[in-house]
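The values are calculated or read from the model by the stated rules, or taken from the named source; none is laboratory data. Given the structure is predicted, the values throughout are model-derived calculations rather than measurements. Ideal geometry is used to build each Cβ from the backbone, glycine not excepted, and the neighbour counts take in all protein chains shown.
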Amino acid sequence: MKSRNISLVAAMEDIIARCSYCSMGMVDKDNKPYVLHMNFGYEDGVLYLHSAPKGKKIDVLQNNNNVCLAFSTDHVLEHQNADVACSYSMKYRSVLVFGKTEFIDDLSEKRQILNLIMKQYTGRCDYEYSDPAAKSVTVYKVIIEKMEGRAYGY
Ligand SMILES: Cc1cc2nc3c(=O)[nH]c(=O)nc-3n(C[C@H](O)[C@H](O)[C@H](O)COP(=O)(O)OP(=O)(O)OC[C@H]3O[C@@H](n4cnc5c(N)ncnc54)[C@H](O)[C@@H]3O)c2cc1C
């Protein structure tokens, strides 16, 4: 099976829209990789994330805001011969996003972003958040610098 690059932004956005989470790669202060799975929202070329205000990832991102996020979907295991390990492969469509995170402090912007994240999972973006609820969560966006798509077997 062959892989092909996906260059159309709309095709990459379609892959992102069909993912339920992404994997976010970061670089910690010791120059070691740190990868976490994250829920997300996406709109108009910007990715949105949220989390508890404390923890390793917040420390890591405050020190180095460069991130790489991986999305993949349409996973299908195929084989030519069930008895030959090397004949197995997995079809997929995937997107890599490279960018920088930016923390959001403004409460009204945080509410809009939380609803963008909710929209990814429920299709709804009309939820309300009290001030304490909006303050208790850390919200950040990923300013995208580069996006690459690839399909394998499709
Ligand atoms: C599908 C999915 C979606 C998720 N969505 C979100 C989200 O939207 N927002 C969010 O904040 N978190 C989300 N998580 C959890 C996230 O991946 C992290 O586990 C969590 O955010 C804690 O990260 P931290 O850096 O704050 O770790 P800390 O709580 O500071 O943990 C300290 C140590 O625990 C280890 N650790 C951290 N997380 C994990 C883990 N998942 N498994 C094993 N070891 C771990 C690390 O080595 C770290 O050094 C999601 C997880 C999954 C599987």
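Quick check, is TYR34 of a type outside the set (Asp, Glu), out of contact with any Lys or Arg (no Cβ under 8 Å at 6 or more places or on another chain), within 30 Å of GLY153 (Cα to Cα) and modelled with pLDDT of 95 or more? So TYR34 fails the test.
Among the residues of the range 128-135, is there at least one that is in contact with a Phe, Trp or Tyr (Cβ under 8 Å, 6 or more places away or on another chain) and surrounded by 12 or more Cβ atoms within 10 Å (Cβ to Cβ)? Let's see the steps before the verdict.
Initial filter on the range 128-135 (in contact with a Phe, Trp or Tyr (Cβ under 8 Å, 6 or more places away or on another chain)): none.
There is no residue in the range 128-135 that is in contact with a Phe, Trp or Tyr (Cβ under 8 Å, 6 or more places away or on another chain) and surrounded by 12 or more Cβ atoms within 10 Å (Cβ to Cβ).
Within the range 110-127, being surrounded by fewer than 15 Cβ atoms within 10 Å (Cβ to Cβ) and either part of a strand (DSSP E or B) or touching a residue at least 12 places away in the same chain (Cβ under 8 Å) (or both) holds for TYR121, TYR127.
Quick check: anything in the range 92-109 loosely packed, with under 11 Cβ neighbours inside 10 Å and of a type in the set (Gly, Ala, Ser)? Working first, answer last.
Here is the first cut: in the range 92-109, the ones loosely packed, with under 11 Cβ neighbours inside 10 Å are 105, 108.
Add one more test, that the residue is of a type in the set (Gly, Ala, Ser), and what stays is 108.
Yes, that holds for at least one residue.
Only residues that are more than 12 Å from the ligand (Cβ to nearest atom), over 17 Å from the mean Cα position of the chain (by Cα) and in contact (Cβ under 8 Å) with a residue 60 or more places away in the chain were counted across the range 34-82, and they come to 2. Comparison of ALA10, ALA82 shows that the only residue that is in a helix (DSSP H, G or I) and exposed (fewer than 11 other Cβ atoms within 10 Å of the Cβ) is ALA10.
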